[in-house]
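First up is the structure itself, then whatever we jot down about it.
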Amino acid sequence: MKRNLVILVIVGVLLLGLERTGLFGGLEGRLQTTFNRLQLAFYASSRQVTTSWATVLQIGNLRSRNASLEERLALLEAENGRLKKLEEENQTLKEQLGVNPEAKHDLKAAAVLGYTLATSRGFINIDGRFKRYFYW
């Protein structure tokens, strides 16, 4: 280790001395051209490796996302199948009840707020306005 450091210092001092005396003039331009080309080659190869690695990571992320989307699609198709069965059952019930789908009805969504459990006959409280008897 010390030996390498000593050699490096000696070579550095020698190169500085050659530059100061002007003996290094013609060789300096050729060395700079060579090292510039080497530097550009190393830069280009490192960029290529970096780009390739980024591409591999993106492909991995896309495959993971694709698998996630395929799983979601399968779940949605299963839900769609279940809803189609409910749609068929709903249509059957409408036919049994004789509901005319083209007739206009004034329908409102209502939330059941509460009911009594204390007696065999009680009330259902819908939106705080309507109370009806029911039996269970």
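Derivation of every value follows stated rules applied to the coordinates shown; laboratory data play no part. Since the model is a prediction, treat every value here as computed from it, not as a measurement. Cβ placement follows ideal geometry from the backbone for every residue including glycine, while neighbour counts extend to all protein chains displayed.
Tell me, what is the FRET efficiency for SER46 and ASN66 to the nearest 0.05, using R0 = 22 angstrom and their Cβ-Cβ distance as r? Walk me through the numbers before you get to the answer.
On the way: r = 30 Å, r/R0 = 1.38.
After rounding, the FRET efficiency stands at 0.15.
What list of ³J(HN,Hα) couplings, whole Hz, do you get for the range 66-74 from phi and the Karplus terms 6.51, -1.76, 1.60, once you set θ to phi - 60° and write x for glycine and proline?
4, 5, 5, 5, 5, 5, 5, 4, 4
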